[in-house]
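Inspection log for the structure reproduced underneath, given as C-alpha cells.
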Amino acid sequence: MGRTPDILSTDAPDATRLALEALARGELVALPTETVYGLAADARNDRAVAQIYAAKGRPGFNPLIAHVDGCDMAERLVELSPLAMRLVEAFWPGPLTIVAPRRADAGVSPIAAAGLDTLAVRAPAHETTRGVISAFGAPLVAPSANPSGRLSPTCARHVVDGFQGRDGPTLVLDAGPSSVGVESTIVLVNGDDAVLLRPGGLSREVIEGVLGRSLPARRDGAVIDAPGQLASHYAPAARLRLEATAPRDDEAFLAFGETPQRRFQENLSLSRDLNEAAANLFEMLWRLDALVAANGLAGIAVAPVPATGLGLAINDRLARAAAPRTL
Ligand code: AMP
Ligand code: MG
C-alpha cells in the first residue's frame, strides 16, 4: 500500500521503455504534459482505469480524457466533424480537449467514459509523453496526477507528495515544471456546434479567432460535463479569500502585479502577464498552503486577476479552490 514511486527524468535513456512496460502491466504512470502532470493508464484496460478512480478518490461520474498522439488516433475513438477537425488542426498538440461522439468500436474502457456516448480526446504537447503514447499505440487516460479535488500537480514533487500513503503511480517521469500550468480547455463539438465546457490553457479568444465566431460557455447544466460543474475542486487545504487588494495580518498573500514586499507572499506575475500567472498558479498555491499550515495563518488572500486570456482559467480555478468543500 502506498509505496513511493520511482522518479525518472525524461532525459534518462530508458524513461520511455520503463513507462511503456509499467503501462503494459496495467500500472499507473505519472507523465509530464504542458498543462499539468497526468496520472496515465491504458485506456482499454478496465482494471487500470478503475485503479485511477480509486487512487484519486475520483467520483465515478467524472469521465476521463483519452490522450492520443494526434488526429489519426483520435479519429479511431470519436467522430470529428469538419469543425472539430479545424480546431484539432489549429491547436494540436496542445492544451485543447475536444469532446465528440464516441465510436461504437472505440475500444476504450466504459468506465473511462462514465456511461456517456461522447468521449474527450486530446494530444498533449510534451514530446516524451506523446512519444510514449505513439509507442504504446493506444490511447492513455490521464487525469491530473493528484487526489481528486486537491491542488493540481505542475511538477514531479507535487505528484509524489499528493499520493503519499496511497496506491498512486509506480513511476513518475520528471520533466520539470509544466509550461502552461493549468488544465486543458475543454470544448464540446457536435457537428457545427461548439460549446466551452471548461476554460483552460488555451484561451477562449484564440479559439474564437479560428472559429470566426464567439464560443459560448455551458454552465450550470444538470449533467456533469466538466469538473467546472464540481463547485469545489483544485483546492488547497487553506481557506482562500478572493479579490483581496491586500492581505490581513494573519493571511498569506497571492499577489498579481507590483505590490509591497511582505512575508508569506508569492507573486503570480510582477508584469501582470497572464500566461506567466497560469504557469505559476498551482506551484504558488502549494507553497502558500504549506506556509499557512506551518505558521498557523488564517488562510490565503488572493489579488484580483483579470478574466481575459488565460485569466479566465485562472479565475475559474481560484473560484473552485475557494468554494465550500463538497467532496
Ligand atoms: P481532468 O480531470 O482535468 O482530467 O479533466 C477531465 C474532465 O474532462 C472531466 O472532469 C470531465 O468533466 C471532462 N470530460 C471528460 N470526458 C467528457 C465527456 N465525454 N463529456 C464531457 N466532459 C468530459
Ligand atoms: Mg484534475
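The values are calculated or read from the model by the stated rules, or taken from the named source; none is laboratory data. The model shown is predicted, which means the values in this text are computed figures rather than measured ones. Glycine gets a Cβ as well: all are built from the backbone with ideal geometry, and neighbour counts include every protein chain shown. Ligands, DNA and RNA are excluded from the accessible area calculation, which covers all protein heavy atoms including side chains. Shrake-Rupley method; radii C 1.70, N 1.55, O 1.52, S 1.80 Å.
Six or more apart or on different chains, Cβ under 6 Å: which pairs go from a residue in segment 147-163 that's of a type in the set (A, V, I, L, M, F, W, C) to one that's part of a loop (DSSP other than H, G, I, E, B)? Could you list them?
That search, which allows pairs on different chains as well, returns Leu151/Pro236; Cys155/Pro177; Val159/Tyr37; Val159/Ala145; Val159/Pro153.
Which count do you get for residues in segment 300-310 that are touching a residue at least 12 places away in the same chain (Cβ under 8 Å), surrounded by fewer than 21 Cβ atoms within 10 Å (Cβ to Cβ) and within 21 Å of Ala231 (Cβ to Cβ)?
Matching residues across segment 300-310 total 1.
Given Ala19, Ala90, which one is away from ligand 1 (no atom under 16 Å from the Cβ), of a type outside the set (Val, Ile, Thr), touching a residue at least 12 places away in the same chain (Cβ under 8 Å) and more than 21 Å from Ala138 (Cβ to Cβ)?
Within the list Ala19, Ala90, the selection yields Ala90.
If Arg166 passes every condition in (1) within 16 Å of ligand 1 (Cβ to nearest atom); (2) in contact with a Gly (Cβ under 7 Å, 6 or more places away or on another chain); (3) not hydrophobic (A, V, I, L, M, F, W, C) but one, which one does it miss?
(1)
Cβ-Cβ under 6 Å, sequence separation 6+ or interchain: first residue in segment 120-135 and of a type in the set (S, T, N, Q), partner not in a loop (DSSP other than H, G, I, E, B). Which pairs?
From segment 120-135, the pairs are Thr129/Leu31.
Scanning for something closer than 19 Å to Val189 by Cβ and out of contact with any strand residue (DSSP E or B) (no Cβ under 9 Å at 6 or more places or on another chain), does segment 118-131 turn up at least one residue?
Within segment 118-131, none of the residues are closer than 19 Å to Val189 by Cβ and out of contact with any strand residue (DSSP E or B) (no Cβ under 9 Å at 6 or more places or on another chain).
What is the residue count in segment 273-299 for residues that are open to solvent by 10 Å² or more (accessible area, probe 1.4 Å) and either assigned by TED's automatic domain parsing to the domain that holds Cys155 or touching a Ser or Thr at 6+ places or on another chain (Cβ under 9 Å) (or both)?
Of the residues in segment 273-299, 7 are open to solvent by 10 Å² or more (accessible area, probe 1.4 Å) and either assigned by TED's automatic domain parsing to the domain that holds Cys155 or touching a Ser or Thr at 6+ places or on another chain (Cβ under 9 Å) (or both).
Within segment 202-229, how many residues turn out to be basic (Lys, Arg) and either open to solvent by less than 40 Å² (accessible area, probe 1.4 Å) or modelled with pLDDT under 85 (or both)? Even if it seems obvious, please write down each step before you answer.
First pass over segment 202-229, keeping only residues basic (Lys, Arg): 204, 213, 218-219.
Now narrow it down to the ones that are either open to solvent by less than 40 Å² (accessible area, probe 1.4 Å) or modelled with pLDDT under 85 (or both): 218-219.
Counting residues in segment 202-229 that are basic (Lys, Arg) and either open to solvent by less than 40 Å² (accessible area, probe 1.4 Å) or modelled with pLDDT under 85 (or both) gives 2.
Would you please name the residue that is nearest to Asn280 (Cα to Cα), looking only at residues in segment 164-185 that are open to solvent by 10 Å² or more (accessible area, probe 1.4 Å) and aliphatic (A, V, I, L, M)?
Once the filter is applied, the top-ranked residue is Val180.
What residue, of Asp69, Asp42, Asp14, is more than 15 Å from ligand 1 (Cβ to nearest atom) and free of Cβ contacts under 8 Å to residues at least 12 places away in the same chain?
None of the others qualify; the one that does is Asp14.
Go through Val99, Val36, Val49, Val78 for me and flag whichever is farther than 18 Å from Ile111 by Cα and not charged (D, E, K, R).
Val36
Wholly within segment 1-110, which strands (runs of 3 or more DSSP E) include no fewer than the required count, namely at least 3 residues that are closer than 21 Å to Leu196 by Cα? I'd like the intermediate steps shown before the answer.
Values: elements: 6-9, 29-31, 38-42, 65-67, 96-101.
In segment 1-110, 65-67, 96-101 are the strands (runs of 3 or more DSSP E) which contain 3 or more residues that are closer than 21 Å to Leu196 by Cα.
I need the full set of residues from segment 18-62 which are surrounded by 24 or more Cβ atoms within 10 Å (Cβ to Cβ) and either modelled with pLDDT under 95 or of a type in the set (Phe, Trp, Tyr) (or both), in order please.
Tyr37
Residues Val160, Val172: which one is away from ligand 1 (no atom under 14 Å from the Cβ) and part of a strand (DSSP E or B)?
Residue meeting the stated conditions: Val172.
Inspect segment 116-126 for any residue being modelled with pLDDT of 95 or more, β-branched (Val, Ile, Thr), more than 14 Å from Gly70 (Cα to Cα) and open to solvent by 20 Å² or more (accessible area, probe 1.4 Å) and give the result as yes or no.
yes
Please determine, by comparing only the residues of segment 230-257 that are under 19 Å from Ser144 (Cβ atoms) and more than 16 Å from ligand 2 (Cβ to nearest atom), which one is surrounded by the most Cβ atoms within 10 Å (Cβ to Cβ).
Result: Leu240.
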